[in-house]
Amino acid sequence: MIRFESVTKLYASSARPALDGVTVDIEKGEFVFLVGQSGSGKSTFLRLVLKEEKPSRGQIWVAGKELSRLSHWKVPALRRQIGTVFQDFRLLPNKTVRENVAFALEVIGKPRHTIAQVVPEVLDLVGLAGKEDRMPDELSGGEQQRVAVARAFVNRPMILLADEPTGNLDPATSVGIMRLLDRINRTGTTVVMATHDSHIVDSMRRRVIELEGGKVTRDQSRGVYGYAR
Amino acid sequence: MRWRFVFSEMMIGFRRNLSMTVATILTIWIALTGLGAAWLMHQQTNATKDYWFGKIQISVFLTKDVTQPERDAIRSQLQSLPQVDQVYYESKQEAWIHFKEQFKSVPQLVRNTDPSALPESYRVKLKDPKKFQIVASAVQDMPGVDQVAAEAQALKKVFRLLGGLQNVMLIVAGAVLLASVLLIFNNVRLAAFSRRRETGIMRLVGASDVYIQAPFILEITTAAFIGGVLASAAMFAIKALIVDHGLKSAFGGILTYIGWDAVWGTIPYLLLAGVLIAAVTAFGTLQRYLRV
């Protein structure tokens, strides 16, 4: 589903590569933790999957497509197969919960009756039934992240990328979000989650890819956070 | 394309950038009014210029029942004058051809004119146009002469005035047009910045370029269209006040005046120019300031 082959990413502003010869293969339906310290290359990895950045060297396949051969106008179609969740939620403050989720479908031109049908379904899935008309600032952090997950998942993407989704949440709330991501993973969606929350990684016992200075230093199925050291 | 959605996004943008949008409407209005006014002046100038304009200074119109000896006498009298440079003869047929050409934009006038009603004439070019009075009085009372006209002299002043006015309009319009392009550039850049959260999410969930850019472009072209409508209204005011009230009361019957059809003909171009300028500027700005 996601395949990196000797991928190196250099930014103009830094002499040290953000990713350095990374080769990783993530199968369909997997749940993968991407761990490592800040600046280890986790976010760069996710940005490369979204084709927000181009690799300096190496090749990347996502959903069967080699990204360097994907023309500019086909990038939106790629991104429709990928849902993304961030640490800071990135909700639209002037739209309700329902409108925030519907926005993701409206902007890709989905018909209204489809939106009217799938938005309540996904809000129910993330446990926000009954809060459709709240504004984001009326919700707790955990609820806001659930809205963000609903928005990322409403189009039923094949891949869900999560960049520190629990970074702003307390441990109890984080567990709820992890259960939600786990449930989404069970529907067959490949989940890649960047984190440095060791408790979560340890408790989930899923595949762990550790990055350090842009290099893969560990790739272990059913891993824990600090195992290698 | 879900137009309802694009439209509602556009309205949000309108409310958010209201002052800048109003400024855009006003500058587009002034720029297009200048352009349109210059175009009307140009048409007004052309409406009066007939085939002989600029070639001759005096027209000697002959009576209907003029005889051949009279014709010859008038011609030799004209040619004998030292002030005369060239004498052209315009027959009734030629007069009709030139008349049709001059009034082709007013077909009902051409239809209602009897070709035989147009007089034959001698068209006279002078060595010194200021001496037209001497030449006119020399032939005025000859048999076969109906009327001697030296309108071209007076008209030249009018045309110089109209031409000057037209140039001033063009300069003002050019300057204001540049201002509106810069304003649109800034307006779109600001709008793109203030909506970066929305566009960021749109990009992320796979919205196409068209969906992301359409609200910005529609917002600014709508403003430009409103400016164009206001400029169109100004065209009617210019025709009523400057042409019908100003020029007509000053020059009366010696000029041919542009009609309302000239005003109507200008309007589509004004609207199109406004919309195109805005759309192209907005599109160019978005390529630079809205990463898609």
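The values are calculated or read from the model by the stated rules, or taken from the named source; none is laboratory data. Keep in mind that what you see is a predicted model, and the values were worked out from it rather than measured. Glycine also receives a Cβ, built like all others from the backbone with ideal geometry; neighbour counts cover every protein chain displayed.
Miscellaneous remarks
- The residue that is farthest from the chain's Cα centre (by Cα), among those in the stretch A:63-84 that are over 21 Å from A:Thr8 (Cα atoms) and in a strand (DSSP E or B), is A:Ile82.
- Candidates B:Pro143, B:Pro119, B:Pro129: the one that is over 22 Å from B:Pro69 (Cβ atoms) and either surrounded by fewer than 16 Cβ atoms within 10 Å (Cβ to Cβ) or not polar (S, T, N, Q) (or both) is B:Pro129.
- Residue match in the stretch B:69-78 (condition: at pLDDT below 85, part of a loop (DSSP other than H, G, I, E, B) and buried (at least 18 other Cβ atoms within 10 Å of the Cβ)): no
- Of the helices (runs of 4 or more DSSP H) lying entirely inside the stretch A:136-208, those containing at least 2 residues that are of a type outside the set (Phe, Trp, Tyr) and touching a Ser or Thr at 6+ places or on another chain (Cβ under 6 Å) span A:141-153, A:171-186.
- Of the criteria (1) touching a helix residue (DSSP H, G or I) at 6+ places or on another chain (Cβ under 7 Å); (2) within 8 Å of chain B (Cβ to nearest Cβ), which one A:Ile115 fails: (2)
- Filter pass, B:Glu101 being surrounded by 15 or more Cβ atoms within 10 Å (Cβ to Cβ) and under 27 Å from B:Thr256 (Cβ atoms): no
- Subset of the stretch A:92-101 [crowded, with 24+ Cβ neighbours inside 10 Å and within 19 Å of the chain's Cα centre (by Cα)]: A:Asn100, A:Val101
- Residue count for the stretch B:199-240 under the criterion of being within 14 Å of chain A (Cβ to nearest Cβ) and in contact (Cβ under 8 Å) with a residue 12 or more places away in the chain: the result is 10.
- Breaking point among (1) modelled with pLDDT of 80 or more; (2) over 32 Å from the mean Cα position of the chain (by Cα); (3) of a type in the set (D, E, K, R); (4) not in a loop (DSSP other than H, G, I, E, B), for B:Lys131: (1)
- Candidates A:Val208, A:Val149 - the one that is out of contact with any Pro (no Cβ under 6 Å at 6 or more places or on another chain) and under 19 Å from A:Leu105 (Cα atoms): A:Val149
- The stretch A:30-57, subset among the aliphatic types (A, V, I, L, M) and outside any strand (DSSP E or B), residue nearest to the other protein chains (Cβ to nearest Cβ): A:Leu50
- Taking the criterion of being part of a loop (DSSP other than H, G, I, E, B) and either in contact with a strand residue (DSSP E or B) (Cβ under 8 Å, 6 or more places away or on another chain) or within 30 Å of B:Phe193 (Cα to Cα) (or both), the residues of the stretch B:257-292 that qualify are B:Leu290, B:Arg291, B:Val292.
- The condition (being away from every other protein chain (no Cβ under 14 Å), β-branched (Val, Ile, Thr), outside any helix (DSSP H, G or I) and over 25 Å from A:Tyr225 (Cα atoms)) is satisfied by just one residue among A:Ile60, A:Ile108: A:Ile60.
- Against the numbered list (1) modelled with pLDDT under 95; (2) in contact with a strand residue (DSSP E or B) (Cβ under 6 Å, 6 or more places away or on another chain), A:Arg179 comes up short only at (2).
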